[in-house]
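We did not get these values from a lab; they are worked out from the coordinates using the rules stated. Since we're looking at a predicted model, the values are computed, not measured. In this analysis, Cβ positions are derived from the backbone assuming ideal geometry, glycine residues included, and neighbour counts consider all displayed protein chains.
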Amino acid sequence: MKNVILITIDTLRRDVFGCYGRKPSLTPFMDSLQNKCLRFDRAYATGPYTQASFPGILTSSYYLEYGRQKNLPAQKTLISEVLKEGGITTAAFHSNPYLSEYFGWNRGWDTFYDSMEDDVTDLYPFMRGSVINRKVDTWLSASGRVGGDRPFFLWVHYMDVHEPYVPEEKFVGQIDANLRLEKEEMLGLFKEVILKRDTSEFETVALLKKLYSAKVLEVDSYVRELFQVFEQAGVLGNSVILFGSDHGDEFGEHGGLSHDGKMYSELVSVPFFIYDKDRSGGEVYRGPVSNIDIAPTIAHLFSLHRVKSFKGTSLFPLGASGVRPCFGEAINKRGHKEKMDDKPIYYCLKDPWKIIFDEGAGTYELYDVKGDPGEKTDCYGTAGVAEDMKREIHSWLEQR
Amino acid sequence: MLDHKRIDELNRKIAQSKEVFKQAFERFEPEETRLIWSGGKDSTLTLWICRQFCQDEGLTLPRAFTIDEGDAFEEIDDFLKRYSREWQVGLDWGRNEDVLKAAGHQLDAEVRVSDLNERNREEIKRIGFELERFPFEAESYVGNHLMKTVVFNTYVEDSGVKAVFQGLRWDEQPARKNDPYVEEVAAAHLVPAHTRYRPILHFTERDIWDTTLHFKIPFCPLYREGYRSLGAKTTSMKMADIPAWEQDLENKVERAGRRQDKEKTMDRLRKLGYM
């Protein structure tokens with residue numbers, strides 16, 4: 001049985017990848033893997049920020065099931081708990097406080113590194129990719145890991161693309177050779193522009209996007225380094241590696257910055273592909289899929305039974321479950337503070353339509369995601385399909 | 001009562017720990033080493049094994065070092081005083097007097113950073129805080145750093161200690177799972193170079209209690225009252241009203257009675273632009 005490795009990159013938009021159509025690509029290394037990958041052209045997150053999205057990825061559940069709470073509810077089952085019970089060794093290496101032991105995400109992991117004991121700086125308020133890679137390297141080199149009879153599940157999560165955008169000089173140079181900015185100035189942009197969600201100056205937003213792009217180049221280099229670690233440890237040949245992201249990031253597309261409680265494509269469209277060294281010729285699956293299916297797919301790869309609390313199903317055999325609508329939910333907040341009277345917001349995507357329901361305002365938006373991928377023209381008042389989509393999202397909310 | 005197989009197993013684990021002490025004393029004189037002794041069950045067992053090893057080998061017993069965070073249980077203090085006398089262990093106490101003074105020795109008192117000495121101000125900056133004041137709590141982020149890490153580093157530096165023994169265990173918490181028996185800490189800004197030895201890494205919590213009870217090693221009475229893990233007084237809680245060793249050690253997290261550092265997590269979120 002092969003090991004399974006899940007690599008997730010926080011705040012990574014789908015449209016930064018060459019393999020998803022960007023020219024020039026910001027992800028040369030991950031693009032180079034595509035001939036050994038099954039790529040999902042249209043994967044969607046279950047929420048637009050970490051707390052709303054990660055329950056989808058690691059517990060195959062929607063954010064607000066069991067109510068609004070900061071901690072991971074006890075009723076939810078982490079993929080690590082399922083696998084550990086199934087005799088699989090489980091290990092996690094990440095640096096996202098929302099997924100830390102403090103919020104209850106350490107359940108079921110044999111090894112759980114959330115970095116909360118370590119010191120960080122304002123410029124890099126997380127452990128950088130190179131540090132995460134070293135931790136993984138140490139773990140893999142520990143005796144008995146490789147070639148042992150127990151397969152393992154390893155989850156690696158990078159925070160490097162997350163604001164504040166303070167990329168290394170060499171990556172900035174690759175994006176714009178004329179761009180000169182001190183690290184303190186980059187931090188200043190974070191405090192003065194991003195935190196204030198100030199999109200009034202087009203040039204400043206464009207500058208932020210450049211810094212973000214440089215961070216994407218940087219994280220691609222960490223993935224390259226991680227693959228070297230895998231190669232040296234001898235696990236590359238006997239592991240299936242899943243790549244994904246929890247959400248994207250906004251650069252003024254819908255009047256904001258960062259990742260607030262909105263359901264537009266720049267936030268919920270995410271990359272997803274599966275690397276397998278034994279696979280020949282890149283394959284591309286064109287239908288919509290949801291991150292809700294990641295945990296069930298991992299359980300399936302280990303030949304484990306369906307888990308009762310999981311809301312998704314395995315993506316394999318490909319297409320067997322038919323094309324299902326994709327859903328997401330979050331708190332409709334603006335800015336960095338969530339207020340108690342902020343209400344939930346939901347989306348349902350059923351080709352080619354996507355409906356967004358704002359519970360607080362009681363309003364809907366409807367977009368044709370094929371004809372209008374940027375989701376600029378709301379056709380709720382004009383499209384005849386609006387009532388059907390409304391029923392679709394409400395019936396999901398009722399039976400959820 | 002333990003069966004013979006189990007006792008053999010515990011003896012093997014003790015022998016394994018002695019190997020770590022052997023390695024350490026081949027490299028360092030006992031006078032150059034210190035045993036970190038919090039008065040908790042793990043460091044007390046470490047000391048007990050160290051004493052045995054030194055007696056067997058005719059070595060001087062290293063001095064012990066304990067850190068007073070300003071929020072200690074009286075029971076722990078009494079335990080340390082009593083057994084340092086009975087076991088004839090030289091015991092040094094470390095305190096961050098400067099912070100204690102600025103807080104008026106009062107928990108939750110607000111400490112003004114400008115009242116602190118240069119070293120403490122520099123340390124706050126080193127861990128990435130830009131604050132003017134903070135509440136005095138031993139297990140908050142700033143508090144933990146100033147009251148423990150700084151006290152430790154200062155002591156190592158001032159006493160010229162080259163190596164320390166720590167009673168850490170692999171099963172204590174997942175973050176410890178990859179800790180090595182010997183770790184070299186390189187010199188850095190405000191951090192003196194030293195070597196850390198962890199002789200009892202392979203003991204589980206169950207092993208600790210079986211060994212402690214079987215060999216009648218003394219322990220702090222708080223464990224009998226239901227505490228499983230002892231930290232600062234105000235942040236440690238009883239897990240149950242039965243002795244620690246009668247609790248469900250295998251299925252309930254040992255440190256659940258100790259508050260995970262909320263402030264540290266919140267600070268990370270702030271730095272990422274949340275909160």
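Here are the numbers:
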| quantity | calculated |
| --- | --- |
| Per-peptide average of other Cβ atoms within 10 Å, ordering A:9-15, A:74-80 highest first | A:9-15, A:74-80 |
| The protein assembly as shown: antiparallel DSSP beta bridges as a percent of all, rounded to 5 | 50 percent |
| Among B:23, B:49, B:219 - extreme Cα towards positive end, dipole of chain B, charges at beta-carbon | B:23 |
| Within the stretch B:30-55, backbone nitrogen closer than 18 Å to the virtual label 7 Å beyond the Cα of residue B:22 toward Cβ | B:30, B:49-55 |
| Partner chain coverage, peptide A:73-82 - average Cβ within 10 angstrom | 0 |
| Extension gain (nm, one decimal) between residue A:197 and residue A:363, 0.36 nm per residue minus Cα-Cα | 57.4 nm |
| Theoretical FRET efficiency, 1/(1+(r/R0)^6), r = Cβ-Cβ of residue A:183 and residue A:75, R0 35 Å, to 0.05 | 0.20 |
| Spin-label pair residue A:320/residue A:377, simplified geometry with 7 Å Cα→Cβ offset, distance in nm | 4.1 nm |
| Chain lengthening between residue B:15 and residue B:193 when straightened (0.36 nm per residue, less Cα-Cα) | 61.2 nm |
| Computed E for residue B:8/residue A:35 - FRET, C-beta separation, R0 51 angstrom, nearest 0.05 | 0.35 |
| Among A:25, A:258, A:245: highest mean-square fluctuation, GNM of chain A, C-alpha pairs under 10 Å | A:25 |
| Footprinting exposure proxy for A:225, A:101, A:329, A:231 (fewest neighbouring C-beta atoms within 10 Å first) | A:231, A:225, A:101, A:329 |
| Simple label model, 7 Å out from Cα along Cβ direction - residue B:101 to residue A:283, nm | 7.2 nm |
| Residue-averaged beta-carbon neighbours from other chains (10 angstrom radius) around A:110-121 | 5 |
| Average beta carbon contacts from partner chains per residue of A:328-337, 10 Å cutoff | 1 |
| Farthest toward positive dipole pole in chain A [+1 Lys/Arg, -1 Asp/Glu at C-beta], among A:30, A:397, A:309 | A:309 |
| Using a Förster distance of 30 Å, the FRET efficiency for residue B:56-residue B:159 (Cβ separation, nearest 0.05) | 0.70 |
| Assigned charges on the beta-carbon of Lys, Arg, Asp, Glu; the stretch B:4-271 dipole about Cα centre (debye) | 500 debye |
